[in-house]
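A short worksheet on the structure shown next.
Throughout, read-outs are computed from the coordinates displayed, never taken from laboratory work. For clarity, every value in this text was computed on a predicted model and none was experimentally measured. Quick reminder, even Gly has a Cβ in these numbers, built from the backbone with ideal geometry, and neighbours come from all protein chains shown.
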Amino acid sequence: MTKSTRTSSDLREHARYFGGWAMAGLAIALLILLLRFGWPSRGNGSEQHAPRSYAPAVGAAGPSVVNIYANRIVTEPSYSRLEGNPAAQRFLGPSFSPVGPPRQRLEESLGSAVIVRADGYLLTNNHVVENKDNIRAVLWDGRTTDARVVATDPDTDLAVLKIDADELPAVSFADKDSLRIGDVVLAIGNPFGLGQSVTMGIVSALGNERLNVGLNGYEYLIQTDAAVNTGNSGGALVNAEGQLVGINTAMFGRGRGAEGISFAIPAETARAVLDDIVRQGYVTRAWLGVELAPVELRHSTTGELRIGLQVQAVADGSPAAQAELRPGDILISFRGGPVTSLAQFRNAEANLAPGTMVDLEAVRAGLVFAKHVQLAQKPH
């Protein structure tokens, strides 16, 4: 064998030797990756299979949802013997008094509530218990007990109730900001007095600032297509793990032919209201003291459109009054950022502590001016 032949043979032997070790190393690395991350799917790697049943979620959250029955006595004037005779009513005039004593009737309403603390605190909608005289809660195991209103927050349509019971199955709150558009949610409540009912939907919007469903104050809401009916108000909206993500509060006007559009108050808002009411009996919320309406402003040079909030009224003695804001002024900046909608401003205002100093900018007669204002506690 020649010298060149021996050299070529040695090179091939070395290549086989090191190549074998390289292949072994790659195989070990691949095995480690498979054990760590699993076998890759054909999709983008972020897909999750939907559960075949939501029974575990309902089993976790269902016992925390109770039925609420409330009533009040309503006094009405008696019916006139001339009712149904328009000619006689026109002749006698509107000052004609009905014949007979006033009548009283029992007005009943129903709704739902969520057990949020094991020592008997419940969350429901303000409109479920507002002006009601007798409130009863029916628990998951059939027990019926009186419920009293601790306090309400009409701005968010929330109310905190208390029942005399201990070791109750309190709902588990979902992590803050964990809800996403497209997530599956379950609405649990007491529609039409049928007892506990569960409907499923998809989250289609979160805090859509264009929404205006007629609630007073703060409308940073969750929009879903879960079926919500009369009696679902105050019930739980939970995720696929049975954790609370919202309190069902409203359905879009059925009279307009709308289907599959319902709204819930985010769990973060509900928890903040609960904590304030339990701790001090009212909700801590900063307040500027103005009524506002959105308007469009056009830049005189560029023609660019932007949103402003025009002052409609200023409350006496409010921070706005002390800062000499006037009806007609247009608020364009709050805390160094532009205002983009009334809902955005109201939530920014409410999330501050009373006593916070804020900078704002407004337009009056075409001129921009700035103010440094100390916010106050919103009157109860």
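Descriptive notes on the structure:
- Length gained when the stretch Asn134-Phe192 is fully extended (0.36 nm per residue, less Cα-Cα span): 19.0 nm
- Charges were assigned to the Cβ only: +1 to each Lys and Arg, -1 to each Asp and Glu. The resulting dipole of segment 237-377 about its Cα centre is roughly 160 debye.
- Ranked packing of 343-350, 228-235, most packed first, by mean Cβ within 10 Å: 228-235, 343-350
- Scoring 303-312, 152-161 by mean Cβ neighbours within 10 Å over their residues and listing the highest first yields 152-161, 303-312.
- The calculated FRET efficiency for the pair Asp225 and Lys176, based on their C-beta separation and a Förster distance of 30 Å, comes to about 0.80.
- Tensor-based shape of segment 286-377 (alpha-carbon gyration tensor, a/c under 1.5 rounded, otherwise prolate or oblate): prolate
- Ordered by the number of other Cβ atoms lying within 10 Å of each residue's own Cβ, fewest first, Lys176, Lys371 fall into the sequence Lys176, Lys371.
- Summarised in one figure, the compactness ratio Rg/Rh of segment 292-331, Cα atoms and Kirkwood Rh, is 1.11.
- Once you reduce segment 281-333 and segment 110-132 to the center of their Cα atoms, the two points are 34 Å from each other.
- Difference of contour (0.36 nm per residue) and Cα-Cα distance, Asp166 to Arg117: 16.7 nm
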